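Input: a single structure, listed below in structure tokens.
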Amino acid sequence: MPRALGKTAGLLLASLVFLSGCVGLKDGKPPGPWHEAYQPIDDPASEAFFFQALEKAKAQFGEPATPVNQVLFRRSKKTDAAKGFRVGEDFSLTQLIDSTNGVFVVYIGVDLDHRNYYPLLGHEAAHLINARITDWYMEGIATVFSKEVCEAAGKGWGDWERHFSKSRRHPYALSYRMARDLKAAFPSEYPKLISYATPNGEWMKIDIDAWIAALPEGRRSEALDLIKPHVKVLSHRVNEQYGFAVPAELN
């Protein structure tokens, strides 16, 4: 896995672990920074959409934990120079590569003309608020945000509505519906979820108990009822990239 100061896994994340079983490919990575192994995206229209989405994320959730000074956009396909190396492709990811100067890389796992390109851009824009949070609450928040900014910009939301409104097992579907319902029930308190981030090894996760404790006492059970249907699946999809704190009262 590439070394990073911060990262979040986005939708359609394939993996940044080295791929195995590819005859003739070299181990390791090409010389130079990791992001230089991937194709640059040079598209003013989609960059404008992204930065407009980032401003909407700031308005909703507050200023980023690390001020954003520069964003490099990459299509997660290998460059010609990197084709001989065993490195992953077609993932979406936000990576903080320089915390001192606020430099991020946003990788997108589909081409510009793909129906999910703008939904992925919107999703990754939300992750810039705190690129160290890597849990299912944050994934749900970013997915809900993606729908909002795509609709506001007159962009289609790909095929996500069809998939995420129905699936009973896909963790992105469950995290999306959980966040959607929490926002509908707690519109004032919902944006504060991101501020309740706590260390989780190298990364961070949302301290859901602290957020619930800050709710009006008479409404805490309502929040638990909205989270409960998703706990079984999401708690079993925890790994190095995704955390998930089950509310103490549901354990």
Dipole check, the chain, charges on Cβ (K,R +1; D,E -1), about Cα centroid: among V68, H35, G109 the Cα furthest to the positive pole belongs to G109
222 nm mean residue ellipticity, helices alone, for the chain (DSSP H n ≥ 4; -39,500 (n - 2.57); rounded to 500): -11000 deg cm²/dmol
Among DSSP beta bridges lying fully in the chain, give the percent that are antiparallel, nearest 5. 65 percent
Could you work out how far apart the two model spin labels at E36 and D113 are, taking each label as a point 7 Å from the Cα in the direction of the beta carbon, and quote it in nm? 3.1 nm
Tell me which DSSP H helices of the chain clear both cut-offs, 15 Å or more of axial length from alpha-carbon atoms and a mean Kyte-Doolittle hydropathy of at least 1.0. none
Classify the stretch 35-143 as rounded, prolate or oblate, taking a ≥ b ≥ c as the square roots of the eigenvalues of its Cα gyration tensor: rounded when a/c is under 1.5, otherwise prolate if a/b is larger than b/c and oblate if not. prolate
Counting as exposed only trypsin sites (Lys or Arg not before Pro) in DSSP loop states with no more than 11 other Cβ atoms inside 10 Å, the longest exposed-site-free span of the chain is 4-165
Given charges of +1 on the Cβ of Lys and Arg and -1 on the Cβ of Asp and Glu, with all other atoms neutral, how large is the dipole of the chain about its Cα centre, in debye to the nearest 20? 580 debye
Between G122, G158, G218, find the one with the highest GNM mean-square fluctuation for the chain; connect C-alpha pairs within less than 10 Å. G218
Can you figure out the FRET efficiency of E249 with R169, using R₀ = 30 Å and their beta-carbon distance, to the nearest 0.05? 0.80
Test item: Cα-centred dipole of the stretch 127-251, Lys/Arg +1 and Asp/Glu -1 on Cβ, debye: 400 debye
Per the Kirkwood definition applied to all pairs of different Cα atoms, how many angstroms is the hydrodynamic radius of the stretch 6-238? 18.4 Å
Find how much the distance from D209 to H236 grows on full extension, using 0.36 nm per residue of separation minus their present alpha carbon separation; answer in nm with one decimal. 7.8 nm
A correct fewest-to-most ranking of I227, I133, I141 by other Cβ atoms within 10 Å would be I227, I133, I141
Report the full-extension gain for the segment A185 to A152: residue separation times 0.36 nm, less the Cα-Cα distance, to one decimal in nm. 9.8 nm
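We did not get these values from a lab; they are worked out from the coordinates using the rules stated. Everything quoted here is computed from the prediction, not taken from an experiment. In this analysis, Cβ positions are derived from the backbone assuming ideal geometry, glycine residues included, and neighbour counts consider all displayed protein chains.
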